[in-house]
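The values are calculated or read from the model by the stated rules, or taken from the named source; none is laboratory data. As the structure is a prediction and not an experimental result, all values here were calculated from the model. Quick reminder, even Gly has a Cβ in these numbers, built from the backbone with ideal geometry, and neighbours come from all protein chains shown. The area values use the complete protein model at the heavy-atom level, side chains included, leaving out ligands, DNA and RNA. Shrake-Rupley method; radii C 1.70, N 1.55, O 1.52, S 1.80 Å.
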Amino acid sequence: MKIGVDYYPEHWDRSLWTSDADLMQKTGVKLVRMGEFAWCRFEPIENEFHFEWMDEIIEIFAKRGIDVVLCTPTNCPPLWLCEKYPDIIPTGRDGRKNDAYIRGHRCMNNPHFLEYAKRIIEKMAKHYAKNPAVVAWQIDNELEANFCFCENCTDSFRGWLKEKYTTPANMNKAHGNNVWSGEYSAWTQIRPPFGNNPHAWLNPAFMLDFNRYASDSTVKYLRVQTDIIRKNCPDTKITTNTWFCQNMPDFYKEFSGLDFVAYDNYPTTKIPEDTEECYSHSFHLDLMRGIKRRNFWIMEELSGGLGSWSPMSRTTAPGMLEGYSLQALAHGADTVIHFRWRTAVSGAEMHWHGLIDHSNVPGRRFEEFAHLCKTAEALDFINDTQIRSEVAIIYAPENEWAFKLQPQTEGMFYFEQIRLLHDAFSKYGLNVDIIGPDADISGYKIVAAPQMYVTDENTVKRLYEFAEKGGTVILTNRSGVKDTHNNCIMSQLPTVYRKLVGAYVEEYDPIGRDMIPVQFADGENFSCREWCDILHTESAEAIAYYDGDFFKGKPAVTVNHYGSGRAYYIGTVGQKAFYRHLVRDILTECGLPFVETLPDNVELTERMGDGYKVRFIFNDTDREQSFSIGEEELSLKPFEMKIDRQNV
Ligand code: GLA
Ligand code: ZN
């Protein structure tokens, strides 16, 4: 495992460079990431390039055995470029140019911006191609789907639609534009969804295409950059750092042309009191690993209290900084780079805390970081180990976009049931992969596919095949609702999944924040909320029933034998205990071994090596936890990670 830091040489007086690098070397830092916001230092005047300062700092690090991740600086075009071509600034939904040059002030489709971006990337790529210290490239920074509404983006959206539908008539049919006289007779009538009306007032089919386009547009921009670097530095790995943001691109497409996934990991510094909250970042980490179903990197890792974008948060409690990094390792992160070496003394982020405070006096958090570096050095046997999971949960970006466009009922959001199922499987100590809708599922025992709302025929087919061959599928409410265009399917829910589920939805009730009792056939009682599918079983058997309201006695959860496998259908939404109860039964039915004695938020994962496995037990709480696993008695301090190696 390698530990690194994010470093901004352009923020610090040169006199600090050497002392910083010395301390990094002494501490055990193996790599630094630099350059993602430094365009105005690389090209302070148009066409006048200065890489000598970056060369100097890279050399300082290289001499100390510290590798470099170099970034393309395209997130922040220099202000001389903005002055020369004001059209490079993105346009907001209100049709006005964003007026503040904060950062991210560039339209990814703007020809002027692209011309200058390509030039500087090419210069950098050529300049650093032969520098062995540069081991990887990061493209731009935290790319979101392209929600720019400028003229270039309008053109590019029209082009995207034209390529997909060829004629406006085809698009009218696909989008159902006969409603509200919304039929287009020419592409020029198309405009991105301007205005402050809620998105839900616009045609959902059109809006889903806009989301697809916005994601593709970002991926295209990423490719432009990747191609230049690939051509000039064919042996250097390329990635970008992603995160969970408002306008998320399709992660699977985003990383398809890149060498590995990198994630910015900022778990909470305050453990919530509400025990129903699924706060663990194991969920994010499993999703990141699932993008390529390979190990990944953390490009930015929590180092202290957060600030700047909001009032300051609690600082990292003792054990948290090291614990969260090792938690990332336990879920497949082989490299963890901490954001950032030292807290900035100027600029908007001066209260977003790094490893060293403004004083430049290394303190408690730095000591913990130094300890982490020593811990990591002793974990060589983990290199080359991989996570293997029997359980997968499907996350489909199109469902996320479609649910954001049309929230279904109060309190319901797409990630909720995915997280609750992830929590339930994790509670029993199983490795869980969160995978994309196109991933190969044949190797799993259990595949949960919650809320398969927008239908993709290929995914449907693969889920049937998976059950047919003996797999266990878990489906839920709001599946098979929409066709591929985001129009409703005229058939009884769950439409395309009805045969697999062996039941249909007679009627549904979006109960929002109301609670209704639900009872399992074994007599266990829970409450359900948000959504109630009133089910009618065909070949399926009911395993839980509503115990209230006008549908009292009607099935809420069913199981169906299909081929040599099974399909569960959860017609409602429960709380943690509801899913844990059901998942326990499912695991027992599937004959998968599991651990029942883990306290809440104590996480057990395994990585497999050649002839051995590494076991990770992490206490993701702020309390000491004592428990047993079989004969073994364990006690873990807050955020403590226990790692051991066992031959298999
Ligand atoms: C993100 C960005 C960083 C920095 C941190 C902290 O992860 O990538 O540049 O802004 O947040 O705010
Ligand atoms: Zn634009």
Worksheet item: When ranked by the protection proxy of mean other Cβ atoms within 10 Å per residue, highest first, what sequence do the peptides 436-448, 177-189 form?
Response: 436-448, 177-189
Item to complete: Multiply the residue gap between Glu507 and Leu202 by 0.36 nm, knock off their C-alpha separation, and tell me the result in nm, one decimal place.
Response: 107.2 nm
Worksheet item: Accessible area, 1.4 Å probe, largest first: how do Asp622, Asp600, Asp209 sort?
Response: Asp622, Asp600, Asp209
Worksheet item: Glu83 to Arg584: extension gain in nm, 0.36 nm per residue of separation minus the Cα-Cα distance?
Response: 174.2 nm
Practice prompt. Heads up, I need the accessible area for Thr236: 1.4 angstrom probe, whole protein in place, Å², nearest 10.
Written response: 20 Å²
Discussion item. Given a Förster distance of 35 Å, report the FRET efficiency between Arg14 and Asn247 from their Cβ-Cβ distance, rounded to the nearest 0.05.
Written reply: 0.35
Practice prompt. Take the Cβ-Cβ distance between Asp600 and Asn647 as r, set R0 to 22 Å, and report the resulting FRET efficiency rounded to the nearest 0.05.
Written response: 0.10
Fill in: Accessible solvent surface per residue of the stretch 544-648, calculated while the other protein chains remain in place, 1.4 angstrom probe, Å²
43 Å²
Worksheet entry | Dipole in debye (nearest 20) - the stretch 35-122, about Cα centre, beta carbon charges: Lys, Arg +1; Asp, Glu -1 | 400 debye
Worksheet item: Taking θ as phi - 60°, what are the ³J(HN,Hα) couplings along the stretch 67-83 by the Karplus curve (6.51, -1.76, 1.60), each to the nearest whole Hz, with x for Gly and Pro?
Response: 7, 10, 9, 9, 10, 6, x, 6, 5, 10, x, x, 5, 5, 6, 5, 6
Response to the item:
Taking Ile60, Ile394 and ranking on accessible area (1.4 Å, protein atoms only), highest first, one gets Ile60, Ile394
Discussion item. Are there DSSP H segments in the chain that both extend 30 Å or more along their axis (alpha-carbon positions) and score a mean Kyte-Doolittle hydropathy of at least -0.5? List them, or say none.
Written reply: 204-232
Worksheet item: Counting only heavy atoms of protein chains, what accessible area per residue, in Å², does the stretch 228-351 have with a probe of 1.4 Å?
Response: 34 Å²
Worksheet item: For the pair Asn458 and Asn170, how long in nm is the line joining their label points, each one 7 Å along Cα→Cβ?
Response: 1.8 nm
Discussion item. Please list, ordered by chain and number, the residues whose modelled amide H lies under 5 Å from the amide H of Ile393; skip anything fewer than 5 residues away on the same chain.
Written reply: Asp433, Ile434, Ile435, Ala448
Worksheet item: Leaving out ligands, DNA and RNA, what percent of the accessible area of the stretch 1-43 is carbon and sulfur, probe 1.4 Å?
Response: 50 percent
Worksheet entry | Magnitude of the charge dipole, the chain, Cβ model with Lys/Arg +1 and Asp/Glu -1, debye to 20 | 1260 debye
Practice prompt. For Ile238, enumerate residues with amide H under 5 Å from its amide H, sequence gap 5+ or separate chain, H modeled in the peptide plane.
Written response: Trp137, Asp259, Phe260
